[in-house]
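What follows draws every value from the coordinates through simple rules; no lab data is involved. Just so we're clear, the structure is a prediction, and the values are computed from it rather than from any experiment. Cβ coordinates were reconstructed from backbone atoms using ideal geometry, including for glycine residues, and neighbour counts include every protein chain displayed.
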Amino acid sequence: MTTHIGLIGGGNISETHARAALAIPGVEIAAIYGSNREKIERLAKAHGGTPYTDFAAFLAHQPMEMVAIGSPSGQHAEQGIAAARAGLHVLTEKPIDITTARADALIAACDEADVRLGVFFQDRFKPDLRRVKTLLDAGILGKPILAEARVKWWRPPEYYAGSKWRGTTALDGGGALMNQGVHTVDLLLWLWGDVIAVQAEMGAKLHKIESEDTLVALLEFANGAFGTLIATTSVYPGYPRRVELTGSEGTLAIEQDLLVRADLHKPDPTLVRNEPGDQNASATSAAVNDICGHQAALEDFLRAIREHGQPACDGREGRRSTALVEAIYAAARNATRVIVPR
């Protein structure tokens, strides 16, 4: 049985969604919606599908069973709600949207329409990160003590200057944290559990944008651990994302999507494997060359549709990172400790 997918958005990430979709047997691109006709016609020519600049006409296209949303972050919920009301399953690029209020509206609309809702947090599907999750759930680190996450990336000035939405409050919802750092926020929540309180400082240290290009946050986890989070696009030349998790039994260190160190009281030399990770130059570029993570997320979503179940990262899971980012921004703006709402 063929699944027909509609793409919302004509930018780089929709190109990634198209390539991921066509790598899966039995999947076709049915239609593509965007405001820039030249971009969506180019996508349609390369990957198939009917191009639309009229959103209502796009939603009425037949056959089409689901949409993959790759538009600016601040449009995800509005477009996803419309798709759900048209009876379409909704898989949106991260974040689910830029506020929890909008996320809640999208979740409610998908529940009401009885369609699946998922969020592209592809780190959850990376083989080494899934293995780390299993190790942590089994208690390999003992009592949680500390988490340190560093997203010290570089984006040149033209990355923002050449975009109408990046770094804007209305459509990006923030800067380095909401856009680049949100993957790591989700990873921390998935691996280490809920954050109950935060403090933060942020600013535009290099780029001329509305929102922050540099942010530092202190985190208090529900498991008792403390944490630090750095998210920036102002650090030249850009370094691989690194996450270190420490407990009473030792430390695990992750770079990009690989476990690179396991320093434990009871050493296990089999934990760190010499395997390749994803090939995306995320620290220096927004381009996605390696689509394996997106493909795995899409395959999981298609499974959820077939089985009438839930994807691994559904709307409620996707909402968690937006809630934490909201709290961090509030803490930075108000120079105060903020309790993270559930």
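Quick look at the numbers
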{"read-out": "Selection within the range 25-42 - assigned to a helix (DSSP H, G or I) and not basic (K, R)", "value": "E38, I40, E41"}
{"read-out": "Matching residues in the range 6-36 - criterion: being over 18 Å from Q122 (Cα atoms), under 20 Å from the mean Cα position of the chain (by Cα) and among the β-branched types (V, I, T)", "value": "I8"}
{"read-out": "When residues of the range 68-96 are limited to those that are of a type outside the set (A, V, I, L, M, F, W, C) and free of Cβ contacts under 8 Å to residues at least 60 places away in the same chain, the one nearest to K164 (Cα to Cα)", "value": "H76"}
{"read-out": "Among residues of the range 66-85, those that are surrounded by fewer than 18 Cβ atoms within 10 Å (Cβ to Cβ) and more than 15 Å from G9 (Cβ to Cβ), counted", "value": "1"}
{"read-out": "Test: residue in the range 313-335 that is acidic (D, E), touching a residue at least 40 places away in the same chain (Cβ under 8 Å), crowded, with 19+ Cβ neighbours inside 10 Å and closer than 21 Å to A149 by Cα", "value": "yes"}
{"read-out": "Residue list for the range 118-143, restricted to those being crowded, with 18+ Cβ neighbours inside 10 Å and under 20 Å from S321 (Cα atoms)", "value": "G118, V119, F120, F121, Q122, D123, R124, F125, K126, L129, V132, L136"}
{"read-out": "Some residue of the range 27-50 being touching a residue at least 60 places away in the same chain (Cβ under 8 Å) and either surrounded by fewer than 24 Cβ atoms within 10 Å (Cβ to Cβ) or in contact with a strand residue (DSSP E or B) (Cβ under 9 Å, 6 or more places away or on another chain) (or both)", "value": "yes"}
{"read-out": "Subset of the range 140-160 [touching a residue at least 24 places away in the same chain (Cβ under 8 Å) and not in a strand (DSSP E or B)]", "value": "I140, L141, G142, K143, W153, R155, P157, Y159, Y160"}
